[in-house]
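Q: Got a structure for you, questions after.
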Amino acid sequence: RTSWETLPDPLGPNWSSNRAGKTDNTIYIQDLINTKGIAELPEGIFYISSTLKMPVDGTRGIIGAGTGKTVIVGLKDDFPLITLSESASGDNNFVLSNLTLQGGSVGVYAPDEMDLIAFTNLKYVVFRNQNYGIHLYKIFGLDNCFFDSLSFVNCNTGFFQDPNPVYSLSEAGYVDKVVFYNGQFLNCGTAVSMKATRADNLNAWINCKFDGNNLAFDISGHNFPLAANWDFTNHKGP
């Protein structure tokens, strides 16, 4: 059996009240993304007051020092911590690894003007205390991605595919060939919500842990999803 790590909780149970009055690091991190491409953040807690804008062009991203060491925290919960944006050139991917994203309304938000996100390999990111950990809102597609040790804790919905309710070629809204490996989905309302209008194909969850959620999976319109070596414990719903 897989031996999952105990996820670090670097800010503790009083994180929400303790963030009041903290120094705003939004401009600092955004400037690193704009000028360096990859914002390499050291160990520390970085509070932000508005969304970080991340062009999806293959050259932008954020790398921390570890999920228990580098934390980006929303000063309020009424905005996404990171909002992806379409790029006129470059590859359709971005970098995100070795950090915790806590608070805000969404951890990573892909809005409807996004086209394709592909060949994105995210690793060692913990999403905590958000309405949605990852929210794909009417984007064209998420394709050929590998999510290594992504964890969702205390989210209303961990991973949320939110396609256009009526399929169209310009807004297909699909998720194909995406692998969640060694992920943990803990104490969420719904761990994974993927109700496709254009069928999703060949997605996989391997060595994943689901514990304490109301509902583990709310999915429809999938071809050949693969579930391998999961543990389900302490679920309350169907």
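Q: Going through the stretch 162-179 one residue at a time, which ones are part of a strand (DSSP E or B) and buried (at least 21 other Cβ atoms within 10 Å of the Cβ)? Explain how you work it out, then say what you get.
A: Residues of the stretch 162-179 part of a strand (DSSP E or B): 162, 174-179.
Those that are part of a strand (DSSP E or B) and buried (at least 21 other Cβ atoms within 10 Å of the Cβ): Y174, V175, V178.
Q: Can you pull out the residues in the stretch 180-219 that are under 18 Å from S149 (Cβ atoms) and open to solvent by 20 Å² or more (accessible area, probe 1.4 Å)?
A: Listed by number, the residues that qualify are Y181, N182, L186, N187, I206, N207, K209, D211.
Q: If you take the residues in the stretch 223-238 that are part of a loop (DSSP other than H, G, I, E, B) and polar (S, T, N, Q), which one is nearest to C145 (Cα to Cα)?
A: Here the residue is N229.
Q: Do you know which residues across the stretch 194-222 are over 18 Å from the mean Cα position of the chain (by Cα), of a type in the set (A, V, I, L, M, F, W, C) and not in a strand (DSSP E or B)?
A: L202, the sole residue that qualifies.
Q: Pick from the stretch 142-161 the residues that are open to solvent by 30 Å² or more (accessible area, probe 1.4 Å) and assigned to a strand (DSSP E or B): which of them is farthest from F185 (Cα to Cα)?
A: By that ranking, first place goes to N144.
Q: Hey, another quick one. Hey, can you tell me all the residues within the stretch 121-141 that are modelled with pLDDT of 95 or more and crowded, with 22+ Cβ neighbours inside 10 Å?
A: Hits for the stretch 121-141 are V125, V126, F127, R128, Q130, Y132, G133, I134, H135, L136.
Q: Going by what's in this entry, would D78 be described as more than 29 Å from G189 (Cβ to Cβ), in contact (Cβ under 8 Å) with a residue 12 or more places away in the chain and charged (D, E, K, R)?
A: Here the answer is no, as D78 does not meet what is asked.
Q: Given the conditions (1) within 17 Å of Q184 (Cα to Cα); (2) touching a Pro at 6+ places or on another chain (Cβ under 8 Å); (3) not polar (S, T, N, Q), and given that G133 satisfies all but one, which numbered condition is not satisfied?
A: Only one criterion is unmet by G133, namely (2).
Q: Just checking: which of the strands (runs of 3 or more DSSP E) contained wholly in the stretch 2-106 hold 2 or more residues that are at pLDDT 95 or above and closer than 29 Å to F140 by Cα?
A: 38-40, 52-56, 61-63, 70-74, 80-86, 95-102
Q: A further question on this structure: Give the residues of the stretch 1-34 that are over 16 Å from V126 (Cβ atoms), open to solvent by 90 Å² or more (accessible area, probe 1.4 Å) and of a type in the set (V, I, T), sorted by residue number.
A: Residues satisfying the conditions are T23, I27.
The values are calculated or read from the model by the stated rules, or taken from the named source; none is laboratory data. Given the structure is predicted, the values throughout are model-derived calculations rather than measurements. Heads up, the Cβs are rebuilt from the backbone with ideal geometry, glycines too, and the neighbour counts pull from every protein chain shown. Protein only, heavy atoms only, side chains kept; ligands, DNA and RNA dropped before computing areas. Shrake-Rupley method; radii C 1.70, N 1.55, O 1.52, S 1.80 Å.
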